[in-house]
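Chemist: My structure is below; once you've seen it, I'll send some questions.
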Amino acid sequence: MSMLTAERELLSATARAVDTRSPFVRLTELVADAKPAMSVINLSVGEPQHPVPPFVGPVIAAHINDFGRYPAGKGTERLRRAAADWLQRRYHLKRAPDPDTEVLVLNGTREGLFLAAIAARRFVGPRSGPPAILVPNPFYAAYAAGAAAADCETVFLPATKATGFLPDLDALSDALLARTVAVYIASPANPQGSVAEHAYLARLAALARRFGFIVFSDECYSEIYTGDPPAGMLEAAGLDFANVIVFQSLSKRSNLPGLRVGVAAGDHRFLAKFLDLRNVAAPQVPTPLQEVAAAAYADENHVRDNQRLYAQKFDLADQIIGDRYDYRRPAGGFFLWLDVAAQGGSEAAALKLWREGGLRVVPGRYLAREQADGSNPGADYIRVAMVQNNQTTAEALHRLVGVLG
């Protein structure tokens, strides 16, 4: 057996014949036969419940007639410029991305993250071995779905407590990187809330340029954080943004998950190929919704209000959970990633919380894949979405502690 074949078997032996369905489908099946003893509080879906910004309705009303026209595939110039200007302000970039060539409007970032893998396979050209896409483990499901659609081997990189809940870049061999098509990274991470420092992102960008792959940086939780604002891949990549693409969304930043508007920004060469694919494979975003998005990127008041509300809920977690379940206030995002190994692991804890406390949380096992050694980085954790109002959040956390002890 060659070294390349041996490495491939080592990295992906357990990536085959695993349950690849949605974590929420699996959760529904887990609790299907259990009747909750208390009223239900849903903490499973990362769907923001804070108020929609007040400007949304008036902006849609002002552009209502634009629903009668097909929008441009790349997005309106107004939104692309608003997103470019926001990226420059937010990340203190030395130059704003070019709205014409370095920004692309998406029908939500999930669609973009999925299709980007297919575009990357076409963009990077032949690899030195079977093409691979690298995915942090645990991960957002669209990453692995995109890798599969691109007919690439999905290599799961453990992101555990031992590595700061980020993939260990030192563990990536030159042989693996030489056959890599793309690397997905999320900062702040879903579900762990870890944040990559500038130096980490710069090193990943340098590896992408050296080996010719693309970095897809999922930064959808960038505006929900504790402490300093998280660094971004564009500021770490250099002036030309070579080999990197960032994905941004208004779902979390602006409490607009139903708007389904996102943007991709970065390497103009890749975005040209990506636009070619989207023009034949993806829906355009209605112009009135793009006008709302442009207004959202121009306003920071509602973002600060949003940050304050999440901070209040994490204050509640600090008080109610304390040091149980290896809880630490996350650096970013709005999830709790709680260690429930002592309570029997993720599935047992999630089922107990549902049955005894009426709490719907996601078993971490469902958000990750088994590694070659048989371990699952999420097996001992549950993910708790802090998206409800303060009163409901406090009630849920008290129930959680009461049930799990």
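Chemist: At a 10 angstrom cut-off on C-beta neighbours, averaged per residue, how do the peptides 146-154, 222-230 rank from highest to lowest?
Modeler: The packing order, highest mean first, is 146-154, 222-230.
Chemist: Continuing with this model, one more query. For the chain, set up a GNM with springs between Cα atoms under 10 Å and report which of Ala96, Ala372, Ala281 has the largest fluctuation.
Modeler: Between Ala96, Ala372, Ala281, it is Ala281 that shows the largest mean-square fluctuation.
Chemist: Highest mean first, what order results for 301-309, 33-41, 351-359, 133-141 on Cβ atoms within 10 Å?
Modeler: Averaged packing, sorted descending, gives the order 133-141, 351-359, 301-309, 33-41.
Chemist: Follow-up question, since we're still on this one. When the helix-only estimate is applied to the chain (DSSP H runs of n ≥ 4, each -39,500 (n - 2.57), divided by the residue count), what is the mean residue ellipticity at 222 nm, nearest 500 deg cm²/dmol?
Modeler: That comes out to -12500 deg cm²/dmol.
Chemist: Determine the percent antiparallel among the DSSP beta bridges restricted to the chain, to the nearest 5.
Modeler: Of those bridges, close to 45 percent are antiparallel.
Chemist: Ranked from highest to lowest mean number of other Cβ atoms within 10 Å per residue, what is the order of the peptides 387-398, 317-328, 253-264, 60-71?
Modeler: 253-264, 387-398, 317-328, 60-71
Chemist: Per q in 0.23 1/Å, what log10 I(q)/I(0) does a Debye calculation on the alpha-carbon atoms of the range 157-197 return?
Modeler: Ignoring solvent entirely, the Cα scatterers give -0.80.
Chemist: Which value in nm describes the separation of the simple spin-label points at Leu169 and Arg203, placed 7 Å from the Cα toward the beta carbon?
Modeler: 0.5 nm
Chemist: Next question. If you stretched the chain out fully between Phe67 and Asp33, how much longer would it get, using 0.36 nm times the residue separation minus the C-alpha to C-alpha distance?
Modeler: Working it through step by step, the gained length comes to 7.8 nm.
Chemist: Something else about it: Expressed in nm to one decimal, what extension gain is obtained for the pair Val45 and Val25 from 0.36 nm per residue of sequence separation less their Cα-Cα distance?
Modeler: Full extension from Val45 to Val25 adds 6.0 nm.
Chemist: Let me ask another. Find the all-direction average of the projected area of the Cα convex hull for the range 186-329, expressing the result in square nanometres with one decimal place.
Modeler: 10.6 nm²
Chemist: Sticking with this structure for a sec: Roughly speaking, what is the centre-to-centre gap between the range 82-136 and the range 260-285 when only Cα atoms are used, to the nearest Å?
Modeler: Cα centroid of the range 82-136 versus Cα centroid of the range 260-285: 8 Å apart.
Each value in this text was obtained by applying a stated rule to the coordinates, not by laboratory testing. From a predicted model like this one, the values you see are computed outputs, not experimental measurements. We place every Cβ from the backbone using ideal geometry, glycine too, and count neighbours over all the protein chains shown.
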